[in-house]
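Shown next, in structure tokens, is the structure this report addresses.
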Amino acid sequence: MGISMNLVTYLVGDLHLPSSKSANIVTNFMGTLNLLGLLGGFLADAKLGRYLTVAIFASIAAVGVALLTLATSIPSMKPPECNPRKGGHCIEASGQQLALLYTALYILALGGGGIKSNVSGFGSDQFDSSDPKENKSMIYFFNRFYFCISLGSLFAVTVLVYLQDNVGRAWGYGISAGTMVLGVAVLIGGTTLYRFKKPQGSPLTIIWRVLLLAWRKRKLTYPSDPGFLNEYHNAKVPHTHMLRCLDKAAILDDSAAANEDSKSPWIVSTVTEVEEVKMVLKLIPIWSTCILFWTVYSQMNTFTIEQATFMNRKVGNFAVPAGSLSVFLFISILLFTSINERVIVRIARKITHNTQGITSLQRVGIGLLLSIVGMVASALVEKRRREHAIHHKFNISAFWLVPQFFIVGAGEAFAYVGQLEFFIREAPEGMKSMSTGLFLSTLSMGYFVSSLLVSIVQKATKGRWLKSNLNKGKLDLFYWLLAVLGVINFLIFIAFSMKHQYKVQNLSSIDDSAEELGNWKDLTLDNKEKKLEADEKVEA
């Protein structure tokens, strides 16, 4: 966060790149970082395990930040200094000067992707979901996990941003590199305390295989009873009638039955594999509607920071760095994650009688709504800022940006925790890291959509909306566009979430309670009824 939140000011101020190009460099970097979470998730689930993946990719990230420190501290990597606001002609950084910067950013993106897709899943591995007490603690874990991330971000946008702007980028990025090394040391130091889950093979292979077999067997008729499907009675996941076309992958047809390898996974899938693929596909509609939140959020890293450079940032004789205004974003996140855990969840539990209090999709919905309000606030503030700058030759206070930081930060506190919890809890057990990567890809796509929107708006308006000199542009109309898109997206999200059926949790705890009652043949009549009730809950 110490890199992404203030990178745009370096690109515009030191490298003299246009505002729209600088915004796209930041959003493409963040988009790639989160997209590479899918690679990290795949490696963890297929071969390395979450612990080893985090350790390796955190080391790669440290190398990336070290290279970034070099790229921003070597004088020959920057064009001659100038001040475009005083009418000077500024030379943009050349391709050779940008080469080391891009190399550093994308090595960092590779390392960051591997960390982000696995660290939360590795944390959730430390809880036994079959233990009611530990399962309840896991709900708090996601909230506290993000609270700690936000503490680090708060340090980044205050101390690190100040050092970058006033002491030197080398100091700001050098400290980031040092903290990455420290992070790896802390992770390895706790090795003897962790619970480890072995990788269960590539989930992408399973998904591809089930889809391929379902297509090959599309002309076969369904069996009269689902019990005839391959490994139906040994399935670890209850059979469902959703996406019934995929059930054909588990049909053992006559020609395959005559084959010696009739149970080969490339000839017939098991019901467990089919149901796991169904779970993943069931996440896609919700996934698609989460993207726009991060498109909105990306404006806090780019154009909002750029706005601050055109506003009065002085508090007495001290000029607040533009990137440090993001502190209000993270104060809001910290505040609302605390309120969520200590107030909202507890009140909601009493009202809904649900362990979670607020469901993960309800959290996401609140986040989407707040993102719309945040863009409305951004548009109103930008219009006021530009009018004062043009008509009154007066720069309004940068603290007018606080409402949009605060509202979007509150939205993130709901949306991030809700999405993270949704994708991890709703995913099959062996696909948690990949599912976290799927969640991170919503962030990735949000940043890429932002870059795409900026490019489209630039062409459609012939550069009239988004200019390097914001006083000559119409950034407020870009914010209104995002608000309108947010409303449309929210209505689609409501439609999808109303149709979504949550995965049955804690099947193992129900099975364990049945085992405690003893084998079926030894049960009393009363206990047999309890066992039937437990089975009915699983079916429901």
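Descriptive notes on the structure:
- Search result, residues across region 325-339 that are buried (at least 24 other Cβ atoms within 10 Å of the Cβ) and modelled with pLDDT under 80: T337
- Among the numbered conditions (1) in contact with a helix residue (DSSP H, G or I) (Cβ under 8 Å, 6 or more places away or on another chain); (2) under 30 Å from P321 (Cα atoms); (3) of a type in the set (A, V, I, L, M), the only one that I207 does not meet is (2).
- Subset of region 166-180 [small (G, A, S) and assigned to a helix (DSSP H, G or I)]: A170, G172, G174, S176, A177, G178
- Selection status of Y447, within 22 Å of N28 (Cβ to Cβ), touching an Asp or Glu at 6+ places or on another chain (Cβ under 9 Å) and part of a helix (DSSP H, G or I): no
- C245 of a type outside the set (V, I, T), at pLDDT 80 or above and farther than 20 Å from W208 by Cβ: no
- Checking every residue in region 382-405 against the condition of being under 30 Å from G121 (Cα atoms), touching a helix residue (DSSP H, G or I) at 6+ places or on another chain (Cβ under 7 Å) and not polar (S, T, N, Q) gives at least one match.
- Total residues in region 340-370 satisfying the condition of being touching a residue at least 60 places away in the same chain (Cβ under 8 Å), out of contact with any Ser or Thr (no Cβ under 9 Å at 6 or more places or on another chain) and assigned to a helix (DSSP H, G or I): the figure is 6.
- Taking the conditions (1) closer than 30 Å to G112 by Cα; (2) modelled with pLDDT of 90 or more in turn, F439 satisfies each one other than (2).
- Residue selected from region 289-310 under the condition open to solvent by less than 10 Å² (accessible area, probe 1.4 Å) and among the hydrophobic types (A, V, I, L, M, F, W, C), by the criterion nearest to Y10 (Cα to Cα): I305
- Of the helices (runs of 4 or more DSSP H) lying entirely inside region 1-96, those containing at least 2 residues that are within 30 Å of I207 (Cα to Cα), open to solvent by 10 Å² or more (accessible area, probe 1.4 Å) and among the β-branched types (V, I, T) are 50-73.
- Beta carbons closer than 6 Å, at least 6 apart along the sequence or on distinct chains, pair a first residue in region 3-28 that is more than 17 Å from N166 (Cα to Cα) and touching a residue at least 12 places away in the same chain (Cβ under 8 Å) with a second that is buried (at least 24 other Cβ atoms within 10 Å of the Cβ) and among the β-branched types (V, I, T) for S22/V8; A23/T302; V26/V8; V26/T302.
- In this entry, I107 is excluded by the filter for residues that are of a type in the set (A, V, I, L, M), at pLDDT below 80 and part of a helix (DSSP H, G or I).
- Single condition N234 does not satisfy, out of (1) in a loop (DSSP other than H, G, I, E, B); (2) of a type in the set (S, T, N, Q); (3) modelled with pLDDT of 85 or more: (3)
- Members of region 429-465 found to be in contact with a Gly (Cβ under 6 Å, 6 or more places away or on another chain), within 24 Å of I407 (Cα to Cα) and open to solvent by less than 10 Å² (accessible area, probe 1.4 Å), listed by number: L440, S444, Y447
- Residues of region 155-174 classified as surrounded by fewer than 19 Cβ atoms within 10 Å (Cβ to Cβ), closer than 26 Å to T337 by Cβ and of a type in the set (A, V, I, L, M), total: 1
- Test for G41: is it touching a Phe, Trp or Tyr at 6+ places or on another chain (Cβ under 6 Å) and in contact (Cβ under 8 Å) with a residue 12 or more places away in the chain: no
- Taking the criterion of being open to solvent by less than 100 Å² (accessible area, probe 1.4 Å) and in a helix (DSSP H, G or I), the residues of region 209-223 that qualify are R209, V210, L211, L212, L213, A214.
- Region 285-327 - residue that is small (G, A, S) and not in a strand (DSSP E or B) and, of those, nearest to T27 (Cα to Cα): S298
- Some residue of region 181-198 being in a loop (DSSP other than H, G, I, E, B), touching a residue at least 24 places away in the same chain (Cβ under 8 Å) and open to solvent by less than 100 Å² (accessible area, probe 1.4 Å): yes
The values are calculated or read from the model by the stated rules, or taken from the named source; none is laboratory data. Keep in mind that what you see is a predicted model, and the values were worked out from it rather than measured. Virtual Cβ from ideal backbone geometry, glycine too; neighbours counted across all protein chains shown. When the accessible area is computed, the model is the full protein with side chains, heavy atoms only, and any ligands, DNA or RNA have been set aside. Shrake-Rupley method; radii C 1.70, N 1.55, O 1.52, S 1.80 Å.
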